[in-house]
Amino acid sequence: MLSAYYLRRQGFSVNLIERGGVGRESSWAGGGILSPLYPWRYSKAVTNLVIWSQAHYLELTNYLFAETGIDSEYINSGFLLLNVADSNKAKDWAQKWNVSLQEVLSQQIEKLEPRLKNIYSEGLWMPDVAQVRNPRLLQAIRAWLVKNQVEIIEHTKVLDLLVKNEQVVALQVQNEKIKVSKVLVAGGAWTTSILNKYHANVNVSPVRGQMIMFKTSPGFISKITILDDHYLIPRKDGRILFGSTLEEEGFDKSTSNGVREKLKQLAIKMVPELENMQIERHWAGLRPGSPQGVPYISQHPQIKNMYVNAGHFRNGVILGPAAARLITQIIANDQNMIVDKEPYTIS
């Protein structure tokens, strides 16, 4: 959807074809934190995209709100990371990338988030990390696309790409063929299965994540908080997301009561008062897993009018604007790239 957004703003005529409903896979299922969970543990290729997106997200959400009236709920919550084992590495990374990060001790942690159980002797505080309410963001992007003549074709599976002379000439969908001049494959966890027969070295596989949502009052907690890979995300209306799991179960998006209970107990360990709060929802999504979490943002190596934007793993929401802007530049043959495209190129 963001690729369609940037392509349309670039002046392209765009059709968006979706096997299900647009924005209903990992982008909808995730948490909307505008940072990787432990950003210093990622490569420069990921960090470059993160930094660009963070610099442009507020402008993007403000523009979408002005154009559509849908509030993506961009909130600068800050990011509190508890009991971090490699805090020295984090501090070195923050200095290198000019990111605001500071060590905090138990009294400061309690002041930042009073409802946390007081068992955390130290942590890291990143005051500039924001969040979006990703389902609202997706609604806003969709509304903008419709308003700006992007045709959205949902519940339509592309059965085949018809290739002649190393060019895609049409898409086979059910009982018709759709002629195309350029094709962008942004198929999330399904990307490898789409590209299998086209000899692209793209390794994207589904990684299931389950999350739960508590219903609390607005302001019950205010900071995005992470402990041992599990995170609390407070929404504007008091909902609190807690997740997530990492499960390699193929394309199975089912949830389990055992995981629900485990997530609940982990959340209560962090904030004991959540024991008395209603779990309003429990869901799962399929992340598009990729080696080291580095996405493919590239022209196809053989089929010259085919492009790929996929494999963002756990960071699709934060990487989305930069990845979509970069693939738009590649398609438009814009030489003034926002970042070096080579780390994302398909060999």
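Would you mind calculating the gained length between residue 12 and residue 262 on full extension (0.36 nm times residue separation, minus the Cα-Cα distance), in nm to one decimal? If you can, show how the numbers build up before the last one.
Details: separation 250, 0.36 × 250 = 90.00 nm, distance 4.71 nm.
Result for the pair: 85.3 nm of gain on full extension.
Which order, highest average first, do 271-278, 297-304, 38-45 follow once you tally other Cβ atoms within 10 Å for each residue and take the mean per peptide?
Numbers: 271-278: 14.5, 297-304: 18.9, 38-45: 17.2.
In decreasing order of mean packing, 271-278, 297-304, 38-45 become 297-304, 38-45, 271-278.
Report the net charge of residues surrounding residue 227, where surrounding means a beta-carbon distance below 11 angstrom and charges are Lys +1, Arg +1, Asp -1, Glu -1.
Result for the neighbourhood of residue 227: 0.
Relative to the longest principal axis of the Cα atoms of the chain, the long axis of helix 257-270 lies at roughly 50 degrees. Only the Cβ atoms of Lys and Arg (+1) and of Asp and Glu (-1) were treated as charged; on that basis the dipole of the chain about its Cα centre amounts to roughly 500 debye. Across segment 79-124, counting alpha-carbon atoms alone, Rg and Dmax equal 11.1, 33 Å. Toward the positive end of the charge dipole of the chain, with +1 on the Cβ of Lys and Arg and -1 on the Cβ of Asp and Glu, the farthest Cα among 234, 344, 42 is that of 344.
For a footprinting-style exposure proxy, rank 345, 68 by other Cβ within 10 Å, fewest first.
345, 68
Give, as a single signed number, the net charge of other residues whose beta carbon lies under 14 Å from the beta carbon of residue 154, with Lys and Arg counted +1 and Asp and Glu -1. Charge balance in the 14 Å sphere: +1. Placing a label point 7 Å from the Cα of residue 119 along the Cα-to-Cβ direction, the residues of segment 270-292 whose backbone N falls under 13 Å from that point are 270-273. Each principal axis of the Cα atoms in segment 205-289 has its own extent, and those three values, largest first, are 37, 23, 22 angstrom.
Projected onto its three principal axes, the C-alpha set of the chain covers 66, 42, 39 Å, listed from the longest axis down. From largest to smallest, the equivalent ellipsoid semi-axes obtained for segment 80-163 from the alpha-carbon gyration tensor read 43, 18, 14 Å. Projecting the Cα atoms of 125, 204, 184 onto the dipole axis of segment 109-210, where Lys and Arg carry +1 and Asp and Glu carry -1 at the beta carbon, places 184 farthest toward the positive end. Relative to the dominant Cα principal axis of the chain, helix 44-68 is inclined by about 90°.
Dipole of segment 79-124, Cα-centred, from +1 at each Lys and Arg C-beta and -1 at each Asp and Glu C-beta, to the nearest 20 debye? Don't skip to the answer; put the middle values down first.
Working: 6 positive and 6 negative charges, 17 e Å.
With only Lys, Arg, Asp and Glu charged at Cβ, the dipole is about 80 debye.
When each of the peptides 22-32, 75-85 is scored by the mean number of other C-beta atoms lying within 10 Å of its residues, the order from highest to lowest reads 22-32, 75-85.
Take the Cα of residue 199, go 7 Å toward its beta carbon, and the backbone nitrogen atoms of segment 150-174 under 20 Å from that spot belong to 160-170. Here the peptides 125-132, 190-197 are ranked by packing, the mean other Cβ count within 10 Å, and the order with the highest first is 125-132, 190-197.
Label separation (residue 83 vs residue 179): 6.3 nm, computed from points 7 Å beyond Cα along the C-beta direction. With contacts taken as Cα pairs under 8 Å and at least 6 residues apart, segment 173-256 reaches a relative contact order of 27 percent.
Between the amide H of residue 184 and those of 307, distances stay under 5 Å, these residues lying 5 or more places away or on another chain, with hydrogens modeled in the peptide plane.
What angle do you read, to the nearest 10 degrees and between 0 and 90, between the alpha-carbon axis of helix 87-97 and the longest principal axis of the chain? Taking the Cα atoms of the chain, the angle to 87-97 is about 50 degrees. Pairs spanning more than 25 Å between alpha-carbon atoms, out of 89/269; 96/341; 157/262; 304/341: 89/269; 157/262. For segment 51-192, a simple Cβ point-charge model (Lys and Arg +1, Asp and Glu -1, everything else neutral) yields a dipole of about 320 debye relative to the Cα centre. When its C-alpha radius of gyration is set against 2.2 N^0.38 Å (N residues), segment 178-320 gives a value of 1.28.
Where a number appears in this text, it was derived from the coordinates with a stated rule and is not lab data. Since the structure is predicted, the reported quantities are computational estimates derived from the model, not experimental observations. Note that each Cβ is placed from the backbone with ideal geometry, even for glycine, and that neighbours are counted across all protein chains shown.
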